[in-house]
Each structure stands twice: as C-alpha cells, then as structure tokens.
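Visitor: Structure below; questions to follow.
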Amino acid sequence: MAGEDVRIGLARASRENMVAAVLLAPSLLFLAAFTYWPVFGVVLRSLTEQRFGQSASWGFGNFIRLFADTHFHRVLVNTVLYAVGTIVPSLVLALFLAVALSKPGRLTGLLRTVLMLPQMVPLVAAAALYVFVFLPGEGLLDHYLAYFGRYATNWLGSPDLALPSVILITIWKNTGYYMLFFLAGLAGIPADLLEAARIDGANGWRRFRDVTLPLLGPTFAFVGVIAMVNALVQIDHIIVMTGGGPSDSTNMILYYIYQQAEQNLDLGLASAATVVCVGVLLALALLSLRRLERGIHYES
Amino acid sequence: MKAERVFLLLAALAGLLWLAPFAWMAVASMRPDAPGQADLASLWPSGPFGWDNYRDAWESGHFPLWYLNTALLCVGILAVQMVTVSLAGYAFARIDFPGRSTVFALFLLQLLLPPAVLVVPNLQMIVHLGLFDSLAGIAAPYCASAFGVFLMRQTFRSIPRDFEEAARIDGASRLQIMRHILLPMAWPGLASFAVVSVSAHWNEFLWPLMAVSSPQHQVLTVGLASFTLASESGGSWGVIAAGTALVALPLLLGFTLLQRRFTASLASTGLK
Amino acid sequence: MRQLLLAAAALLSVGGTAQAATDIDFFFPVPVQGKLAIEMTRVVEGFNASQSDVHVTPVYTGSYDDTNLKTRAAISAGKPPAVALMSANFIREYAIDQKAVSLDGLIGKDGQTPQAFIGQFFPAVRPNATEDGHVYGVPFHNSTPILYYSVEAFQQAGLDPEKPPVTWQEWVDDAKKLTKHDGDHLVQAGVEIVSSYDYLGWLTSGLAMSNGGDYFNHGWGGEVYYNSPSTIGAVQFLDDLVHKHQVMPEGVIDASAASSAFFSGRTAMMVASTGALGYVRDNMKKPFKVAFMPRAMRNAAPIGGASLLIPTGNSPERQQAAWKLISYLTSPAVNGAWSRFTGYFAPRMAAYDLPEMKAYLAQDPNAKVAIDQLAYGEPWFATFNTVGVRKALEDQVQAVLSGKAKPADAMAQAQKDADALLRPYVEQTALKLPQ
C-alpha cells in the first residue's frame, strides 16, 4: 500500500485505492468463494485418489485413468466438432442477419424479435420441443420433408446424425443473441467512414470487407468468447434428448463430468476432467480476451 | 439496393424457420392429445381445440410453486447483482488504481468459468456453507457477475465526466454523485443487464438440478424436465407442448413486449 | 421469503394435515408418460385420507435414473426422502453402499419373518428386492419386455394374428413378411426394438437369457458376462435384424420413436415394456395384440420395474411412517388398482385374487399375457455401479445397431469397459484375500 510520509497527491491516490477496494470487495468476495477457490479445490481433488473402500492418496492417477479412457477420447473429439460446428455457422449467420436487419423498420424489427425468441426459452424446454421435431417419421421435420419424397430419418438415433442434429438446435437457440451484438457493433460504425469509402468508389462488398469487418473485430472476439463458453457449458439438451448417445456420439466434456460425478460417483475422474476443461477454456480465451481488451481501449 | 432486398428475403425465410418449433408448440398444445394421428406434426391449426393438455400438464407438476421459486430466484440474484456490478463497474471505469487491468482480467475469468463447469467443487462449497438445497444456494455463485461488471464499465465510460465534475464542484459526495447522476444515466446498461441476467437464470437447468434436491425448492426448468424425460412408453406430445409453453411463455411475452427497448439499450451500452 | 414458500407448499400439498402427523416425502419416477404422475398423486391422497398419523408429500422425480441421482443427492445432503420408488435393479447398489435401510426390523415388528414377507410377492421379483436374505426393497410395480403387434399388419401380410411368432426363427420369418421396402428404404418395418439407454440393457439381457445365458452374477455384484457366447449371439441376432434381414431400421430407436411408429403403422411389431400397455391401449387406434417375447432356447423375460426402499438417514419415527406408506401401496387392493391403471403387473400375488382384478384380466386378454410371462421372469441386471456397467454394454450394442461395430469385437470391448468399472469393488471383495 501507499507510503506513510506523503504529499497530498499521494494521499489522495491512496484514498482512491481504498475506495476502489471497497467497491470491488463485494464482487471479489463472491468470486473468491465460487470461482477462485473452486478452481483451486478442483485441482486439489483431481490429485486425490480415492476409490471404493480405499483410503485417499496423492498422485496423478486420476489423470492417467482419464487419458486412458477411450470414452474421454471420444468426448474430446465430439466437443471440438460441436464447438466448431456451432460457433462458426452461428457467428456467420448472426453477422449476415445483423447486416440484413440493420436498417430500422417494422419488418426488420419483427424479424429481430422472432430471431431472438429462442434465446428466451430454456434449453430444456427447447430440447423438449426438438425431441418431437426430430421424431422419425411423424416428427415436424420428417413430416414436412416427406413432401419432398424423403422417408423417415433416424435423426437422434444415428451416431452420424445425432451430433449434427444437436448442433442444429444450438444454432437455432443462440444465433439471434449473437446477432444482437453484431447489430450493436454495426450501429457503432461511423457513417462517414462508409461514406468516404463510397466516394472512393468501393462497392458494397468492398466497403463491408475493408471498413465494416475490421471494425467489428472486438465484437467478433467478444461474441466468440461467449459462443465458446456456451458450446462447452450448455448441455441441457444433451441430457434431455440423447443422454450422450447413441454410443457416446453426443457426449461432451461437461456431460462426461456430470456422468462421472453423478452416475459413476467417481469424483476423482470428474475433477480431473474439470481441470482439463478449465485449462482448455483459459488457454483459448486468453487470445480472444486480449484482442477484445485491445479493441475496447482503442475505441474509448 | 437489390442485394438488400435479397438479404431481407433470406432473413425473413430464416425467421419463418426459427418460428416453426414455436408454431408447433402453440398448435399441438391446444390439440387433443392423440399420438396415433397422422397430422401430429401439422402446423395447420385444425380443431377441435381445448385446454385439456394445459390442465394435464398443470396437474402433473407443481407449477405455482415452480413459478414462485423461479421468480424469487431471478429477482434475488438480480437485486444482489445490481449492487455488485454497479459498484465494481464504477471502480473499473472511474478509478485509476494500480493493477486495474490485472484485476479486471481476474474478473473476466468468471465469464469463462460459469458454475456449471465447476459443478463438483461448487456443490461442495454450498454444502459447506449450509446452502445446499436452498434457493440461496442456487443463487450464490451468481452474485458476482463478470458480464455485468463488463457491461457497467462500458456504460459508465460512455457517460461524459463533465456531469460529475460539475456536481463535485457543487460539493456533492461520491455516493451522491453515483446515486443521483451516474446510476440514472446508466439505466439503459442496467436494464439490458437485467434482461440478460433474468433470462439466463430463468432458463438455467443443470446447476439448479444439482444444487437442490427437495421439492419445495424446485424451479421451472427442473420441473419441466422431470415430466418430459419419462422414457418407458412414448411422448404425450400435447402435454409436453403445453408444459413447455407454460415454462417459456412468461419470458417470451415479456421479451416481445420489451424487445425494442432492450435492443436499443444493449446497443447503447457501447458493446461494439 | 421462507413464509411465502411455506405457504405455497401448504397450498400445494393435498389433503388435510393433522397436527401430530409425521410429514414425509415420497420420491417417485414416472417411467411411463401420460397421466401417471397425476394418478400417483391421487393414490397418495388416498393414503393421507385413510389415516391421520402420517402425511405424505409425493414428489415426482423424473425417470428411473433421475430418481436415483436425486435420492442419492438428498441422502448425502442429509435430507433423504422417507420413501423412494427405485428401479428394482438399483436396490443392490443401495445395499452395497449402505444407502438403504434393511427392512427386516420393520417386517419383524409386524410379526413376520423376512422370508414370509417377501414370499407374498411373485418369485421372479424376489431376488432384486433382497440381498443376502435381507429385504431392502418392496416390489411395487413390475414389467417384462413384451411383443406388441398390429393385427391389421398381420392380416395384410397373410399371417394369422392369433399365431404370433414363438421362436426367433418364426420371428424373423414373420418380420420379413411384414416388412415393406421401397428401394433401400423401410416403408414398414417388421419390428422395432427400443434401444435407447436403460431400455437397451434390459432388452439385451432378455435376449441373452433366452439364448441360454445368465448375463450377470445373481449372487454378487462384481461380474457380468458380456463377452460370452449367449450375449454375443443375442447381439448378433439384433445385428442381423437390421443388417442381414433388414426388417428393423438402423440406429437407436427410443421409446417415443418406436411407439409413434407403431401407432402410425410404420412398424408392424414392437418390443417394449408391459408397463407401456396402458399408454399403447390409449393411443393405438387400430387393433393390436401382445405376445410373449419369442425365444431362442428357452422362454425368458428380465423383470423390470420398481421397488420401494427407505434411504438411510431417516429417524426410527420416520422409518415407521415410511413403512406405513409402503404397506399401503403394496396392499393387494392398492397394488392391483395401480396395475389396472398402468398396465404394469402387480407384484403382490394376492392382488390377483380380488374380483376386480379377475374381471379386468377376463376383459383384457393382453394384460393376461403379461402376467403369464411372469412364469419365465428372471431377475434384472444388478451390479456395483449398475448404470455405468449397463452403459458399457449399451454403447457397444448401439454401435452394432448403427453398423459401426461387429458383435464379437463390440462385446469384447463392452466386457473390458465393464470390468474396469467393476474393478474397485472386485478388489475390495472377491480379490481381497486373507493376509
């Protein structure tokens, strides 16, 4: 903290620091209890080996078991496929929709609302609806696909189709939300920049590519982080629709953690998987966040 | 101009597709329940209609209690968050203390690690604190919000400092400045945070599923799942549609009414 | 806030509560959709009205697996329900983990021996309710897998609806006749067997039993027999139905998909639980019948269903109250009425001596088939870590059904996975030898 013998400026600075500390304290208290300490605790727990009827010991046994588990290999592959499969299309679609609906108007307003609706519905509720959408033969999708001469498709029951089906729900659910951020981003682009580009003779696509897109960089970073967290964390529909099946084809890292902790009562394995999950999240996010911070400093 | 038309048309098409599951929910929830019939999936509203499915769904669960719990949970979390995020947001926006960006990064960590990821240690934590199986236990991990702090920091930054300076010259204390000048001006930011927060906690499932075991503290999503997950026979689709509608309607309606305001306020928070 | 909650809870709890009554919670799953949750609430209301010592709040806890999770969570948090209706094969795990109370004492207070008590239930349901001769669960409703078939589809294919297939050979022959193809596509499947998690393990165990197997060690929870000829043969049979005879759609079929295909005529036969009988009866517009599961070497049906248990952590007073509820629910009259409503069979033998039960069976021959199959019932798969060990098999069988694996390799892998999960228990029991 600040020194004892002080000039007025320094005293004022240290009082300011105190104020900052007081203002931050409530948040930090909760963060300490429910973010920092749990991270520490889960690392500790992951290094504790205790199985049925045995006493606890220290070691990397949980990690060795985790990385030897073929289900976990499958889970990692699924998680990457799912993340890429949901994030890329959602972001592209969200940007496209934001561009299409950026002008104010009755129709654009209505469409914005409609596209945002899925975000307002609990994922479990959406999943309950989609169980019917994907029902082979009599479901909503097959019912209307039948007009195009298609037969019943086992959407959720085929290991090849189950993951894409689940991805479809996620895109439906989240795109409208991401669109809002892009709308906000587009609104913040100075009109004179676009006008200047127009005068320079740049066509619509060029203006978009050379002016709009670079200025949306921070928005991409921010939405990218949110989308990534969503991809890893939102598994409610997995629980309701597939239980991770068929044959583990829709099993994701968080569902795996849930299975180990709740079904197999194997807290060691669950903690080790959590540590891996947290590590991956931090590593991936570090890049985006740095970019995000830079963008915001640049703007303000 | 031509491209814009095409874009709008494509967006409208997307809108229709997006709406389809809701349309089915509305139609099926009113249609007499008969899994055998061929037009089970038809979106065309064909009678006779009735409220039987809603009655059955209502009687299968404890909806009044679930509504009450969910509302209490959302309001409770929001009330605490309002305090924590505006204080911290102000500190990050207006006070230049050493290590500010490091502390800010520490806050953002929470954005990446929601309670669902840390479900195992968080459960142990609330058991430890004696909060397991209570609404407070569900709420506790959310009392600080990195997202909210981020949003409020941006909001406060977008408010010109002149107002504060003027008030300070008039002899107003920091607290007075915050209450009478900054918070009213930051209202759009708080409002959009409120929408995000309430919709997030109204809709959350996994954490409340784990954090609460007794029926008195059940929330809507957990209740809904318990009667859509039955597996030995097959779906009573009408009842599922009705139950889903019961859970989703409050927020859907609320959002549709407040939509314009919400979008505008989010855009104004400087989240560019 | 607390008062508001209490008020709400009071509003919701049904029936009058006397001052001195012991208030207890009762967790129950509803594995069959429809109006069962409402009906169960009504049954409990009946109990509350019938006496004034105990007031029960019924809590609907989702599927069997969910009920297991929630009960365990409640026990570890020190707030166990007084009674839980638990999938019958989880009882062993509760006994191993000491999460359920042995009921011998409560039975003794009623002046009975455990053997005499459990002797009032059908022989097939007894093994899953007891562990080492001690009673841990009281069977409440039970089911076996059964073959549902469409009378119309049989007639159209030139088959006699009075003569359902009896052997696997006849089953395949009939299924071929019942199947309609358009190119590679199945327009009408010969048969659909439910193959989602939980269901699939149960049905595969039934096929393996019929194929001569024992499937798991009845007496001790550390062994399963996945990589043995009887199970491999059963899984090969499933594989053949899909890929060789092409009478069943590829991939996993959940109960919703199978029943909706059955109702709309996209499948002529369906294998599902007898517990779904009430649901099918309500929703199938065309005539249907049910038959025994066709057999390979012998008739065999795994017993599914649920038993009532008392979790540990309940005071003697609450245990006594719980016992009162359990006795009520498994009394012949209540047990029989529940059976008639749901299509499950009543495990309490005396239920079938009641006149209303006789009338019901006389009027619905399908219900009688389910009872008759009981003679061939065998205990349900129960081990240490039942869910994980079951899933080890299910993941592999699902891969076979989807054309991603061959039965022999798949079962070798399933055995390996299951053994790894059982290992900690095995090490502490069978392999823990005198030092």
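Values quoted throughout were computed directly from the atomic coordinates according to the rules given, and no laboratory measurement underlies them. Remember, it's a predicted structure, so these values are computed and weren't measured experimentally. Note that we place each Cβ from the backbone using ideal geometry, even for glycine, and neighbour counts take in every protein chain shown.
Visitor: Taking the convex hull of the alpha carbon atoms in the stretch B:107-223, what volume per residue do you get, in Å³?
Guide: 124
Visitor: Residue by residue through the stretch A:13-23, what is 3J(HN,Hα) from phi via Karplus (6.51 cos²θ - 1.76 cosθ + 1.60, θ = phi - 60°)? Round to whole Hz and write x for glycine and proline.
Guide: Calculated HN-Hα couplings, in order: 4, 6, 5, 4, 4, 4, 4, 4, 4, 5, 5 Hz.
Visitor: Report relative contact order for the stretch A:69-299 in percent, whole number only (criteria: Cα-Cα under 8 Å, sequence separation at least 6).
Guide: Relative contact order for the stretch A:69-299 comes out at 28 percent.
Visitor: Turning to a different aspect of this structure: Computed over the Cα atoms, what is the radius of gyration of the protein assembly as shown divided by 2.2 N^0.38 Å, N being its residue count?
Guide: Against the empirical 2.2 N^0.38 Å value, I get 0.99 for the protein assembly as shown.
Visitor: Just want the answer: with Cβ charges of +1 for Lys and Arg and -1 for Asp and Glu, which residue in A:M252, B:N203, A:A270 is farthest toward the dipole's positive end in the protein assembly as shown?
Guide: B:N203
Visitor: If you bin every alpha carbon distance in chain C into 10 Å steps from zero, what whole percent lands in each bin?
Guide: Computed distribution, short to long bins: 4, 21, 30, 25, 14, 5, 1, 0.
Visitor: Would you mind giving the average projected area, over all directions, of the Cα convex hull of the stretch C:271-427 in nm² with one decimal? List each step's numbers first, then the result.
Guide: Numbers: hull surface 54.3 nm².
Its average projected convex-hull area is 13.6 nm².
Visitor: Given only helices, namely DSSP H runs of n ≥ 4 each adding -39500 (n - 2.57), what is the per-residue ellipticity at 222 nm of chain C, to the nearest 500 deg cm²/dmol?
Guide: My calculation for chain C gives -13500 deg cm²/dmol from helical runs alone.
Visitor: So if each residue of separation counts as 0.36 nm, and I subtract the Cα-Cα distance between C:Q115 and C:R423, what length gain in nm does that give?
Guide: 107.7 nm
Visitor: May I pose another question? Could you give me the ³J(HN,Hα) list for the stretch C:367-373, computed from phi with Karplus coefficients 6.51, -1.76, 1.60 and θ = phi - 60°, whole Hz, x at Gly and Pro?
Guide: Values per residue, Gly and Pro as x: 5, 5, 4, 4, 5, 4, 5 Hz.
Visitor: If you don't mind, there's one more thing I want to ask. Sort A:S55, A:S46, C:S228, B:S101 so that the residue with the fewest other Cβ atoms within 10 Å of its own Cβ comes first and the one with the most comes last.
Guide: Fewest-to-most ranking of A:S55, A:S46, C:S228, B:S101: A:S55, B:S101, C:S228, A:S46.
Visitor: For the stretch C:254-359, just the Cα atoms, rotate onto the principal axes and tell me the three extents in Å, largest first.
Guide: 54, 35, 33
Visitor: Pick out which of C:A21, C:A382, C:A322 has the largest mean-square fluctuation in a Gaussian network model of chain C, springs linking Cα atoms closer than 10 Å.
Guide: C:A21
Visitor: Partner chain Cβ atoms within 10 Å, averaged over the residues of C:191-198 - can you pull that number for me?
Guide: Across the residues of C:191-198, the mean count of other-chain Cβ atoms within 10 Å is 3.
Visitor: Using the 10 angstrom Cβ neighbour count as an exposure proxy, how do C:T41, C:T312 rank, fewest first?
Guide: C:T312, C:T41
Visitor: What translational diffusion coefficient, in µm²/s and rounded to a whole number, does the Stokes-Einstein relation yield for the stretch A:31-136 at 25 °C and a viscosity of 0.890 mPa s, taking the hydrodynamic radius as the Kirkwood radius over Cα pairs?
Guide: Taking Rh from Cα pairs, D becomes 129 µm²/s.
Visitor: Give the whole-number value, in cubic angstrom per residue, of the convex hull volume spanned by the C-alpha atoms of the stretch A:69-299.
Guide: With only Cα atoms used, the stretch A:69-299 gives 151 Å³ per residue.
Visitor: Semi-axes, largest first, in whole Å: what does sqrt of 5 times each Cα gyration tensor eigenvalue give for the stretch A:125-173?
Guide: Value: 18, 12, 9 Å, ordered largest first.
Visitor: Out of all DSSP beta bridges in the protein assembly as shown, what portion is antiparallel? Express it as a percent rounded to 5.
Guide: So the antiparallel bridges in the protein assembly as shown amount to around 65 percent.
Visitor: Another question, if that's okay. Could you list which residues have their amide H under 5 Å from that of C:F140, counting only those 5 or more apart in sequence or on another chain, with H placed in the peptide plane?
Guide: C:A306, C:S307, C:L308
Visitor: Ok, one more. How many partner chain Cβ atoms sit within 10 Å of a residue's Cβ in peptide B:63-70, on average, as a whole number? Working shown, then result.
Guide: Numbers: counts 1, 3, 5, 1, 1, 7, 3, 1.
The per-residue average across the peptide is 3.
Visitor: Quick one: work out Rg over Rh on the C-alpha atoms of the stretch C:48-107, Rh as Kirkwood radius.
Guide: On the way: Rg = 12.9 Å, Rh = 13.0 Å.
So for the stretch C:48-107, dividing Rg by the Kirkwood Rh gives 0.99.
Visitor: Would you work out the charge dipole size for the stretch B:55-268 about its Cα centre, treating the Cβ of every Lys and Arg as +1 and the Cβ of every Asp and Glu as -1, and quote it to the nearest 20 debye?
Guide: The dipole magnitude comes to about 660 debye.
Visitor: State, as an integer percentage, the relative contact order of the stretch B:55-268 based on alpha-carbon contacts under 8 Å between residues 6 or more apart.
Guide: Relative contact order, the stretch B:55-268: 34 percent.
Visitor: Any idea what the alpha-carbon Rg over 2.2 N^0.38 Å comes to for chain B?
Guide: Working: Rg = 23.0 Å, N = 272, 2.2 N^0.38 = 18.5 Å.
Taking N as the residue count of chain B, the ratio is 1.24.
Visitor: In µm²/s, what is D for the stretch B:43-109 at 37 °C and 0.692 mPa s, where D = kT/(6 pi eta Rh) by Stokes-Einstein and Rh is the Kirkwood radius from Cα pairs?
Guide: Details: Rh = 16.6 Å.
D = 197 µm²/s.
Visitor: Give me the dipole magnitude in Debye, nearest 20, for chain C about the Cα centre, with unit charges on the beta carbon: positive for Lys and Arg, negative for Asp and Glu. The partial results should precede the final answer.
Guide: Numbers: 35 positive and 42 negative charges, 91 e Å.
For this selection, approximately 440 debye.
Visitor: May I ask which of C:K177/C:K285; A:K173/B:K2; A:K173/C:K406; A:K103/B:K2; C:K177/C:K289; C:K163/C:K368 have a Cα-Cα span longer than 26 Å here?
Guide: Checking Cα-Cα distances, A:K173/B:K2; A:K173/C:K406 exceed 26 Å.
Visitor: Name the residue farthest towards the positive end of the dipole of the protein assembly as shown from the options C:S196, A:Q234, A:L282, assuming +1 on Cβ of Lys and Arg, -1 on Cβ of Asp and Glu, about the Cα centre.
Guide: Result: A:L282, furthest along the dipole toward the positive end.
Visitor: While we're looking at this one, here's another question. Considering only A:I199, C:Q112, B:L73, whose Cα is most displaced toward the positive end of the charge dipole of the protein assembly as shown, charges sitting on Cβ of Lys, Arg (+1) and Asp, Glu (-1)?
Guide: A:I199
Visitor: Extending each Cα 7 Å along its Cβ direction at A:A196 and C:D353, get the distance between those two points in nm, one decimal.
Guide: Using points 7 Å along Cα→Cβ, the separation is 9.7 nm.
Visitor: Another one. Using the Karplus equation 6.51 cos²θ - 1.76 cosθ + 1.60 (θ = phi - 60°), what ³J(HN,Hα) coupling, rounded to whole Hz, does each residue of the stretch C:375-380 give in order, writing x for Gly and Pro?
Guide: Result, rounded to whole Hz: 4, 9, x, 9, x, 8.
Visitor: Also, I was wondering about something else. Divide by every residue of chain A the summed helix terms, -39500 (n - 2.57) for each DSSP H run of at least 4, and state the resulting mean residue ellipticity at 222 nm, rounded to the nearest 500 deg cm²/dmol.
Guide: -22000 deg cm²/dmol
Visitor: Taking each pair of different alpha-carbon atoms in the stretch C:134-270 once, compute 1/r for the pair, average those values, and report the inverse of that mean as the Kirkwood hydrodynamic radius in Å to one decimal.
Guide: 16.2 Å is the Kirkwood radius here.
Visitor: Going by average Cβ density within 10 Å per residue, which order do the peptides C:387-394, B:13-20 take, highest to lowest?
Guide: My ranking of the peptides, most packed first, is C:387-394, B:13-20.
Visitor: OK, next. Would you kindly compute the Cα radius of gyration of the stretch A:94-216 and its largest Cα-Cα separation (Dmax), both in Å?
Guide: Expressed in Å, the Cα Rg and Dmax of the stretch A:94-216 come to 19.4, 56.
Visitor: GNM on chain C, C-alpha springs below 10 Å: top fluctuator among C:G105, C:G343, C:G313?
Guide: Of the options given, C:G105 has the highest mean-square fluctuation.
Visitor: Now for a different question. Please get the size of the charge dipole for the protein assembly as shown, origin at its Cα centre, with Cβ charges of +1 on Lys and Arg and -1 on Asp and Glu, quoted in debye to the nearest 20.
Guide: Approximately 2540 debye in magnitude.
Visitor: Further question: Consider all pairwise Cα distances in the stretch C:396-435 and report the whole-number % of them above 14 Å.
Guide: 57
Visitor: Summing -39500 (n - 2.57) over the DSSP H runs of n ≥ 4 in chain B and dividing by its residue number, what mean residue ellipticity at 222 nm do you reach, to the nearest 500 deg cm²/dmol? Don't jump to the answer; show the numbers that get you there.
Guide: Working: 13 runs with 186 residues, N = 272.
Result for chain B: -22000 deg cm²/dmol, rounded to the nearest 500.
Visitor: Taking the stretch C:250-293 as the region of interest, what is the percent of Cα-Cα pairs per 5 angstrom bin, listed from the shortest bin to the one with the maximum distance?
Guide: P(r) for the stretch C:250-293, in whole percents per bin: 5, 21, 38, 25, 9, 2.
Visitor: So, one more: Taking every pair of alpha-carbon atoms in the stretch B:94-159, what share in percent sits in each 5 Å bin, from 0 to the bin with the longest distance?
Guide: Pairs per bin, as whole percents: 4, 14, 20, 20, 15, 12, 10, 5, 1.
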